[in-house]
Each structure stands twice: as C-alpha cells, then as structure tokens.
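Have a look at the structure below before the remarks.
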C-alpha cells in the first residue's frame, strides 16, 4: 500500500522495494527511481513513512515533516526506498533548448529582413529600377554583394536551422553596413559563440574624452578588453607615461618592459589578475586572429605571462590598491576603480585615486610640473640605466 495515496503498490514495485531494502544503508536508489519514500525501519516510535522529492512530507507520529534528511530526529538512520507516487504534481522542466534556438532563429530572420530593407540599391552601387516591389535590397542582391550563395542566404534569412561560418557573417555584416552593436547581435542570433572584437579604427566619442578630462586630477584611462589604451586624460599621461610610448598596450608593457621602468613591477598577484581578466575576455574572441596572435606573441616573449596563461585562471577587473612606480614621484599607492562603458563594446574605464594625503600631495606636485620638468628625470634615468636607448 502506498503510504501517501493509499493505493495498492504493483507487484513489480513491491519487488523493487524488496531489492532496495537489501541495499546497504547509505546506498541510494537506482537511476530510474522516479520518487523516493522514507521507511523509518526499526524506529522506536514505530511510525509511518514520508516522501521527499516534491517538498511534501507525510509522516506519522510526533516527528511529522522532519524526515527530509538522512537521519530522523532521534538519530535513527532513514532508509530510502523505491515507491511510485501516483498523482504527484508535475515537476517543472527547463524549456527545451530547441525552442530557444527556434526563437533565436525567428529573431535572426526578422533582423536580417529589417537591415536589408533599410539599404537602397543606390547606396551599394546597384541600379535603382522603377519596378522594384521590395524596399531596400533583394535577397539575391545581398547574396551577390556578400559573395555567398543565394540559396544559403535565403535559408539563413528564413531562419532555417543551418550552421554559418564567421566569414559568411562578416561578409553579410559588411554588405548590410552593420555597426559594431548590430554585428555582435547578428553573431548571437546565429548561435556563433565568438563575437568579433570591435576594431577601434574610429576615434573615441568626444563625450567619453570629455568625461576623462573632467576626472582630472584623478588619472583615468579607457581600455579595451585586451588592455589597449584607447583614450586617457592628462593626469594619466603624467603618472604613466611609459604606457603611452610606442604600441599603447598595457599588458605588453608590464610583461616586457624592464623592471625599473615597469609601473606595475614586482606585483605578481596583480599581474596574475590582469591575465585572468584577459582569459575571461578571450573566450568571447576564440577565433579572432587579432586575439590569438596577441596572446601567442606574449606567450613567446614573456615566460612569466606564459606561466600565468597556462594556469587558466579567470578574473574580472576589480578595484584594488596598487603601487604605481614613477621616476619623478617615486612609488605611489593608488586605488584602482574600474567601470564598464557599454557604448563601446568590451571597453572599460580605470580611475586611479591616491589612498592617503601623502599620495595626493605628490600627485598634485607631479601635475603642477611642466612637461619638460617631468621629462628630465626620465631622460636621466634612461641615460643611466639604458644608455643603448638614448
């Protein structure tokens, strides 16, 4: 008899109960077990059974509702048994991934049609016929301009479940004149795990530079996910001039520069966090040749970077206190605050704040110097430590 419903238990299930009772205490039911009940066994109170699995307990005696764990209240070991539960409520099942994929493909279809409709033939060098019934470009025109098969593009726009290469999506993106946000959106809708990293060929928006400038006297810099320096204010240029010489990439400088000229020298933990953040960003750009080439170069050039990269640690840019080395001021303890910038994909702003009054005093003194006054100590340092450079 089922202890919960009162219904008779079929012989097959009674046999299963017998087999379960023969299991050593602590061994669970088989993988096919749909529900579990609790047999209190030789409980001193001789009371009934409870059911777990749907947050309901139907137990007799004074300990009702307390048998959900492996032990009863008096320390008696609870035995798990195979018992079918009729009329138990349905368990919520996660939405079928195929439904999610179909919804995404429907969105892809609508998105491609809307982007195609907004481009006129004249904008792409095609004749503007007088008998066009389609607003914007035709499907075959998009396929021709992108260099892909008309059937393939038609299937893609119809939302059919096909696999599309990054090269095809890039060609379609260029044909439809998609910007960075639209291009990333296309990749997501097409189920491509790698979203291409934005190429910062265009200048940083003026309003972003205005924000950086108004943060002065706090040094502030705009960085890409690869630690490329995209923009900065005058305070940052005064505090970290080495990051702005030659190729403006902070990772290359901190792993390849001599220790005496490295603003982050002898800070192993911080360097490891930087590599961890790079690893977290890299998974979004696995097939981007700029990313793979960048990482391969650093692995080859820096044994320390190669060691940290091989650890496969991941991290996010968090606010931490760092020591910034500057030839003019000496070492400065600075608190680093990171803020994402959604208007530029993958970019984030890093702001440096002195942690004490002594740091503020030395930073203000640095900022009141002229460019020539700040340059002289650096020139003297290079003449002494790196005469081959001078």
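Please treat every number below as a calculation from the coordinates, not as lab data. Please read all numbers here as calculations on a predicted model, not as lab measurements. Methodologically, a virtual Cβ is constructed for each residue, glycine included, from the backbone with ideal geometry; neighbour enumeration extends over all protein chains shown.
How much length is gained on full extension from residue 134 to residue 237, taking 0.36 nm per residue of separation minus their Cα-Cα distance?
Values: separation 103, 0.36 × 103 = 37.08 nm, distance 5.35 nm.
Gain on stretching residue 134 to residue 237: 31.7 nm.
Checking a compactness column here: for region 282-388, what do you get for Rg(Cα) / (2.2 N^0.38 Å), N being the number of residues? Write down the numbers at each step before the final one.
Numbers: Rg = 18.4 Å, N = 107, 2.2 N^0.38 = 13.0 Å.
Rg over 2.2 N^0.38 Å, computed on Cα atoms: 1.42.
What's the FRET efficiency of residue 120 with residue 152 using the Cβ-Cβ distance as r and R₀ = 22 Å, to the nearest 0.05? Display every interim value, and only then the final one.
Working: r = 24 Å, r/R0 = 1.09.
E between residue 120 and residue 152, to the nearest 0.05, is 0.40.
Roughly how many whole Å is it from the C-alpha centroid of region 116-184 to that of region 355-386?
Rounded to whole Å, the Cα centres lie 55 Å apart.
How compact is region 97-189 by the rule of thumb for globular proteins, expressed as Cα Rg over 2.2 N^0.38 Å?
Compactness ratio reported: 1.07.
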